[in-house]
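Let me begin by presenting the structure, written as structure tokens, before commenting on it.
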């Protein structure tokens, strides 16, 4: 059994043991439902990895790891309400299965539970762990707000977009590793290097998703290309295309994104062709690789046990291989 599978199994078993009151069912059933949806448990795995890298035990970091996973699922629950998403991991979202008021309140309880679990970090590390967690929690909310703001803005600059995905997606990966390192008593420099590794890896991962949404193989990626185009989402590809486009190309792109009546396949094909002509896939992959290399440089500078550095390096490589 690989180390990552071992961590995932540990997290899944521990999550299943979390107990919530039976009543009111409308409050607690959605929490049980959300946590049972599954997922790769990437963030709590990183907590355990970060801890064992510096000589700690997975057991000493298990509660903060569970807290990070509960917090992550809380953000997904509330994001689904804001995005009016009908499905999450192939299942009805909580606000669809119950209603939005129930989803909001259940999410609030999940946030409280996340705080309770993370506060069970080793006493010697508690202050550091809580500081990292609260900073990351605030950053994630900030990133979500920027994402919603961008939906209403005509102009979004690429540095603004990169900062948004850093806040919304990447900081929690970095914080998970940093919290694990803190639980094991790692020094500030090493803990922060792990945070930087997670953040830059998270940015690279999101840029990869932007590329795969348009150019990914459906048989590998698991969905038809062009979802972001059809939903008029601002991605690195779109923003970079607008930067590089001629006035005519920019007008064509804006017309496709503003049109209310269109044939889906025609829109995806036309916008994709513009992306190809402007070579924005290459730009996105270059930016992705830049952040990946920064992540790896940070990881290589960490003074942790080589065994776990190697596991993280393999984890990072496997995470990014989908773009090939």
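The values are calculated or read from the model by the stated rules, or taken from the named source; none is laboratory data. The shown structure was predicted, so the numbers you read here are calculated from the model rather than taken from an experiment. Here Cβ is always computed from backbone atoms with ideal geometry, including for glycine, and neighbour counts include all displayed protein chains.
Contact map, region 136-155: first residue closer than 16 Å to residue 67 by Cβ, second residue at pLDDT below 95 and in a helix (DSSP H, G or I), Cβ cut-off under 7 Å, separation 6 or more or different chains; the map is empty.
Yes/no per residue for (1) over 28 Å from residue 304 (Cβ atoms); (2) within 18 Å of the chain's Cα centre (by Cα); (3) assigned to a helix (DSSP H, G or I); (4) at pLDDT 95 or above:
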residue	(1), (2), (3), (4)
138	no, yes, yes, yes
146	yes, yes, yes, yes
151	yes, no, yes, no
162	no, yes, yes, yes
170	no, yes, yes, yes
173	no, yes, yes, yes
177	no, yes, yes, yes
181	no, no, yes, yes
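Is it the case that residue 295 is closer than 30 Å to residue 313 by Cβ, crowded, with 18+ Cβ neighbours inside 10 Å and out of contact with any strand residue (DSSP E or B) (no Cβ under 7 Å at 6 or more places or on another chain)? Yes; evaluated as a whole, the condition is true for this residue. Residue-level analysis places residue 132 among those that are buried (at least 17 other Cβ atoms within 10 Å of the Cβ), in contact with a helix residue (DSSP H, G or I) (Cβ under 8 Å, 6 or more places away or on another chain) and under 19 Å from residue 51 (Cβ atoms). Of the residues screened, residue 250 is one that is surrounded by 11 or more Cβ atoms within 10 Å (Cβ to Cβ) and either more than 23 Å from residue 159 (Cα to Cα) or modelled with pLDDT of 95 or more (or both).
Scanning region 50-71 for residues that are part of a helix (DSSP H, G or I), in contact (Cβ under 8 Å) with a residue 24 or more places away in the chain and more than 21 Å from residue 171 (Cα to Cα) returns 58, 60.
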